[in-house]
Amino acid sequence: MGKGIGTAIEPIGGIGARQVVGALDASGMRFGMVVARFNDELTSALATSAYQCLIKYGATPVTIDLVRVPGAYEIPVVAEKMAASGRFDALIVLGVVVEGETQHAQMIIDTTGQSVLDIASRHRVPVINEIVGVRTWAQAEARCLGGENTRGWYAAEAAIETARVYKQL
């Protein structure tokens, strides 16, 4: 068994309780993406893989809004406005913070992470946080480049599945 989650979404066997599980079906749902421009080579790759994933699972281009912001630190304020609009079934936030690129990398990761959780709770909409925090550029490339094996793709799958679960509750 590897780390992470697989794409098979099944109830847990041997449990008689009512189980709510999602599905990788993006049809009929609206998604918002907030993407930092800082480290653009990587954030654009994350956005592209997230977009491709949403389309693969049934979203259409007109049901996806993508907003660019300068850096990771600007993501929460825009995600807040999007969540407050009530127009989206899920939001995906994408950024890359490389330690050494900024002295306050950990502060950015910590504060944006908490802000994103607060937004999701306050507005009752899934907000999938893939502001990738890494120590080296090589680690960032490993997480951001490569289509279906990126944190962008994972974020889109998580957004779809979580939104489907949320609709059932």
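Below is a table of values for the structure above.
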{"read-out": "Sum of side-chain charges, Leu46 neighbourhood, beta-carbon under 14 Å (Lys, Arg +1; Asp, Glu -1)", "value": "-2"}
{"read-out": "Cβ-defined net charge surrounding Leu169, 12 Å radius [Lys, Arg +1; Asp, Glu -1]", "value": "+4"}
{"read-out": "Cα centre as origin, Lys/Arg/Asp/Glu Cβ charges: region 9-110 dipole, Debye", "value": "400"}
{"read-out": "Computed over the chain, the ratio Rg/Rh where both radii use C-alpha atoms and Rh is Kirkwood", "value": "0.97"}
{"read-out": "Proxy reagent accessibility, fewest Cβ within 10 Å first, across Asp89, Asp40", "value": "Asp40, Asp89"}
{"read-out": "Cβ-based charge dipole, region 31-168, positive-most Cα from Val97, Thr112, Val77", "value": "Val77"}
{"read-out": "Ranked list, fewest to most other Cβ atoms within 10 Å of each Cβ, for Phe31, Phe38", "value": "Phe38, Phe31"}
{"read-out": "Trypsin sites (Lys or Arg not before Pro), loop per DSSP, at most 15 other Cβ atoms within 10 Å - longest free stretch of the chain", "value": "38-86"}
{"read-out": "Over the chain, relative contact order from alpha-carbon pairs under 8 Å, at least 6 apart, %", "value": "30"}
{"read-out": "Cα→Cβ-extended label distance, 7 Å offset, between Val21 and Leu169, nm", "value": "1.8"}
{"read-out": "Ranked list, fewest to most other Cβ atoms within 10 Å of each Cβ, for Ile9, Ile160, Ile108, Ile128", "value": "Ile9, Ile108, Ile128, Ile160"}
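Taken together, the values in this text are just the output of simple stated rules run on the coordinates, not laboratory data. Not measured: the values here are computed from a predicted model. Here Cβ is always computed from backbone atoms with ideal geometry, including for glycine, and neighbour counts include all displayed protein chains.
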